[in-house]
Structures are given as C-alpha cells and as structure tokens.
Amino acid sequence: MIKNEKDSKYKEYQKRRRKKIQRSQTRKKSKIKQLRKSLENKTSRKKHEIKKFKKYSEIHPPNNFSFLENTEDVINFINKVESNYKKNKSVFINLENVEFIDYGAITVLLSVMTLFKSSNIKFNGNFPKNQNVRKKIVDSQFFNRIRETIFKEEEYTIVRKDQIFTKANKIVDPTLGYNIIKQSSETIWGEKKSCPGIQRVLLELMQNTHNHASIYPDNQEYWWLSVNHDPEKKKVSFVFVDYGQGIFESLEKKPETSKWYNFSEKLKEKLKYGNRAEILKLLLEGDLHMTVTGQNFRGKGLPGIMQVSKRNQISNLYIISNDVFADTNKNMYKMIRKKFQGTFLYWELCYNNEHKIWNI
Amino acid sequence: MEYINISMPKDFSITPGPRNRSEGDFSGQQFFEEILDPTFAEALKENKGVTINLDGTLGYGTSFLEEVFGGLARKYTPEKVFKNLIIISNEEEYLKNDIDNYIKNANK
C-alpha cells in the first residue's frame, strides 16, 4: 500500500516535470521562431546586431527626441533606461527611427551611457537613419564613448567638434566658466567678452546640485553640462542636468529645522490652483521665499537665475523638474504627466544679451 | 578716513566660487577667513576702513556674496560694516544693492 502511494506520487512528480520541460522547450522554440522572423528581410549587418544584442533590453527613444518639444516621451524614455539600470540590466538604445534630436536629449544619452558603462552594465546603440540626427550624435562622441571602457571617476569631460563639450562633476567648479565664457563670446561677438550672468547661472546650478540633489549628504549627485556653439546664428546653447531628487521632492523633504519645512501649507492662501507649476513660478519670482520665510528675496539659487534672465544676461530659459515644465520666456508654467527624477535647464547666450569688456 | 584696499582678482581669485570650502575652490568662507576678516579687524584697530574692488572677475554666485558680506555683518554687526566698508563694483553695479541686502538681513 505504502509502495503504491509512493509510486503514484513519483508518477505525479514525473508528469509535472515532463510538462515543465515541455513548456520550457516550447518557449525556447517560440523565441527562436521570433528571432528568425525578426531576421527576415534584414541586412546582414542588422542580423548581426539583433543576434549580438538579443540579451539586451531594447529601448526606443521617441522619434522626436527633444526634451523641450516632446518632454513627456523623453521622460518616459529616461525612466525606462533608469529602471533597467536599477536592475543591472544591459540596454540597447535603438536610435534607428529618430527623426529629430536636440542637445538636451544628447546630454541625456551621454550621461546615461556614462552611468551604465562606469557601473559595468552593458550599454549599446545603433545609428539613426536620418543623416542630420546621425551627424549630431556622431559629433557628440556618443558612439566613440560606447566603444571605450569608462571607469567610475569624479569628473568626466567629453570634448566634441566645433567647441562643443559635455562635462560632469560633483563639486562646484568656479573655473569651469572661464573657457566657456571666453569661447562663447568669441562665437557670438567675435571677441572675448565678460558675461557675469553665465558665471552666476553656472555657480548657482552647480551649488544647487551639490547641496540639494542627493537625499544622502555623503553621496553627491553628478551635474552634467553641455555647451553647444552655433556660429551661424551667433548663439550658444547650454544644457544642465542632474538626476537628483528634483526641485519639489527636495523642498518637500526638508527637515522640521528648515525654514522650508511644510512650505506648501504656508503657501495655501497664495495659490490659485495649488499645483507645483504655480509654485515654480512663485519660486522663480522670489515670492515663495517671501511667503515661506518672511524675508526679502535675496536673489539666491533659482530666483538668482531668473534674475539673470530678467537682466537680459541670458535668453530662452527652460526648466523641467519632477512634474513641472517652465518656458520662462513665454511665462508658461505647466504640469506634465510624466515625472522626471531630477532637474533639467536649458538656456541660450545670444547676440542681444548683455555683455561687458573682458577685463580679466 | 584711511582705507585698506582689497582687490578680488589680485588678492584672491578671478573665479570666486561657492559658499563653503567643502563645496569647491575659492569659496566665500576661504575669502572671509583668509582675507576679509583679518583685514577688517586690523582696519578697525587702526581706525581705518576697507574697500573691496569686485571688478575684474568672471562673476559671482549669490552664496559667495552672502557668506562674505553677511558673514562680516554677523561677526561685526551691520552698522560697523556699513560704516567701515566700501564696495566698488563698476562692472556689475547691481551687486552693491544685493550686498547691502545681505548685510542688512545677515542675522535673519
């Protein structure tokens, strides 16, 4: 009787095992079938690419890969990449169908690639079909860097063609602006000019990242700066990004001892809609400081940057942080559906911006 | 009144930096501790004033200015600072007004 019982349990076990093996074989067959199907009508180069990167998570950026024009889709892309990073999973960025890319998106590509490769997580990508996009990404050194080994370092500098460069660091580097201002003014006005507004914006942003981006004081976040010259339009554009907490998450986590603690309660009467877009506007105008702390606005941090913009020392200032998008030039502050974990700023130095004699 | 002159680019740096030493080079804290505080103390002892020429640098972050001038007012009182300090800033005139505010609001 006991023997029979054992036999029947063993038979059950064998049956389950057979089924499991069968299922796994079916899955494998289906994967091979899928792979074969995906290789149909593909060039040999493409076939090689698909086979080589079959274990990578393939991520498609939006066709309009512009942080300013297509913010939500770009944030969606960043969030997908970030989720793979957290799981230590290799990613393949399929850039094939990208029709337009701006320097904001290029800075994002360079920063996530560095993050993956310096953490020993495999990262790769392919060339876009669109020739303009292809040129922009090639010029950014993205594909060169993909082939290199990247170690964890305090600072990264990626020098590109036409005085374009991207830099990452964790500290406030006051000397950073020296060459940037010298070269930018030569592109715009044909000679060295002093631009104290640019230096102030750089200092405020680096300091903000250093002091507020990370939840943990000992684990500083990187800031990324990308400078891009357009001699034809006599314009230099700047992109600054960090992947810290973002403006609002940072404010909301202030401890009881901080004057910013519970700031949203203190603001209630001032707000019409009560959303973060409205709060960002108040923050930039200096009103948030007055309402929450009861002190006069002293031009620090983000209000200091807005002040630089109002003094016509920079143009076209955009800010994206958490779920808020601001185009300060158009006085447009709006909520967005996707949340960006970090802070992104874009601004330009143009021919009509204020500048002084180089006296340094 | 006689004055002791400090030139930011000649005596400190053409690239003044963040607020504290821990944040990066050429900080406000460094300028205050190594240059402004000892000079101001010496000037007071000798019944002199201090002039600071801010021109000839790349520009200033707000935290640097607050640390330097707010810090001076916190140590010596805003009244003493207003009486004994002259700011020269021809390239960025608005800085004088900003600095006045940092001194006035130093203890808030």
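The values are calculated or read from the model by the stated rules, or taken from the named source; none is laboratory data. A quick note: this is a predicted structure, and the numbers were derived from the prediction, not measured. Every residue, glycine as well, gets a Cβ built from its backbone with ideal geometry; the counts of neighbours run over all protein chains shown. Side chains are part of the model used for accessible areas, which takes the heavy atoms of the whole protein and leaves out ligands, DNA and RNA. Shrake-Rupley method; radii C 1.70, N 1.55, O 1.52, S 1.80 Å.
Would you mind giving the mean number of other chain beta-carbons within 10 Å of the Cβ of each residue in B:60-71, as a whole number? The partial results should precede the final answer.
Working: counts 5, 14, 12, 9, 5, 3, 3, 0, 0, 0, 1, 0.
Per-residue shielding by partner chains comes out at 4.
Apply the Karplus parameterisation 6.51 cos²θ - 1.76 cosθ + 1.60, with θ equal to phi minus 60°, to every residue of segment A:229-246 and state each ³J(HN,Hα) to the nearest whole Hz, in sequence, with x for glycine and proline.
My calculation for segment A:229-246 gives 8, 10, x, 4, 8, 6, 8, 10, 10, 10, 10, 10, 9, 9, 10, x, 6, x Hz in order.
How well do other chains shield peptide A:192-205, expressed as the mean number of their Cβ atoms within 10 Å of each residue Cβ?
Average neighbour count from other chains, rounded to a whole number: 4.
So who's got an amide H within less than 5 Å of the one on A:Tyr222, skipping anything under 5 residues away but keeping other chains? H placed 1.01 Å off N, in plane.
A:Tyr243
What's the extension gain from A:Ala277 to A:Gln131 if we count 0.36 nm per residue and subtract their Cα-Cα distance? It would help to have the intermediate numbers written out before the result.
On the way: separation 146, 0.36 × 146 = 52.56 nm, distance 3.71 nm.
Here the segment from A:Ala277 to A:Gln131 would lengthen by 48.9 nm.
List, in order, the whole-Hz ³J(HN,Hα) value for each residue of segment B:68-75 obtained from phi through the Karplus relation with A = 6.51, B = -1.76, C = 1.60 and θ = phi - 60°; use x for Gly and Pro.
Karplus-based 3J(HN,Hα) across segment B:68-75 equals 6, 8, x, x, 5, 5, 5, 7 Hz.
Can you work out the FRET efficiency for the pair A:Gln341 and A:Lys233, with r the C-beta to C-beta distance and R0 = 45 Å, to the nearest 0.05?
Given R0 = 45 Å and the Cβ-Cβ separation, E is 0.90.
Provide the per-residue ³J(HN,Hα) series for segment A:324-333, in order, calculated from phi with Karplus coefficients 6.51, -1.76, 1.60 and θ = phi - 60°, each as a whole number of Hz, with x at glycine and proline positions.
Per residue, the Karplus-derived 3J(HN,Hα) values read 10, 10, 10, 10, 5, 4, 8, 6, 10, 10 Hz.
What does the highest-first list of A:230-236, A:42-48 look like by mean Cβ count within 10 Å?
Top to bottom by mean Cβ count within 10 Å: A:230-236, A:42-48.
B:Lys45: which aspartates and glutamates have alpha carbons under 20 Å from its alpha carbon, excluding same-chain residues fewer than 8 sequence positions away?
B:Glu2, B:Glu33, B:Glu34, B:Asp37, B:Glu79
How far is it, in nm, from the label point at A:Lys87 to the one at A:Ile32 when both lie 7 Å from their Cα along the line to the Cβ?
2.6 nm
Using a 1.4 Å probe, how large is the accessible area of A:Glu69, given in Å² and rounded to the nearest 10?
Only protein atoms counted, so the area is about 130 Å².
Can you bin the protein assembly as shown into rounded, prolate or oblate? Criterion: square roots of the alpha carbon gyration tensor eigenvalues sorted a ≥ b ≥ c, rounded for a/c under 1.5, prolate for a/b above b/c, oblate for the rest. Walk me through the intermediate numbers first.
Numbers: a/c = 2.55, a/b = 1.92, b/c = 1.33.
Because a/c hits 1.5 or more and a/b exceeds b/c, the protein assembly as shown counts as prolate.
Highest mean first, what order results for A:170-179, A:29-38, A:331-340 on Cβ atoms within 10 Å?
Result, highest mean Cβ count within 10 Å first: A:170-179, A:331-340, A:29-38.
Check B:Ile86: other-chain or 5+ apart residues with amide H under 5 Å from its amide H, H built from backbone geometry?
For B:Ile86, the qualifying residues are B:Val50, B:Thr51, B:Ile52.
I'd like to compare A:96-104, B:32-40, B:66-74, A:194-202: which one has the highest average count of other Cβ atoms within 10 Å, and what's the full order after that?
Values: A:96-104: 19.7, B:32-40: 16.8, B:66-74: 22.6, A:194-202: 25.2.
Taking the mean over residues of other Cβ atoms within 10 Å, the ranking is A:194-202, B:66-74, A:96-104, B:32-40.
Step through the table entries A:Lys136/A:Lys167; A:Lys51/A:Lys122; A:Lys117/A:Lys170; B:Lys10/B:Lys83; A:Lys55/A:Lys87; A:Lys46/A:Lys80, compare each Cα-Cα distance with 20 Å, and write down the pairs that go over it.
Pairs exceeding 20 Å: B:Lys10/B:Lys83; A:Lys46/A:Lys80.
Please average, across the residues of A:334-343, the number of beta carbons from any other chain that are within 10 Å of each residue's own beta carbon, and give a whole number.
The shielding value for this peptide is 0.
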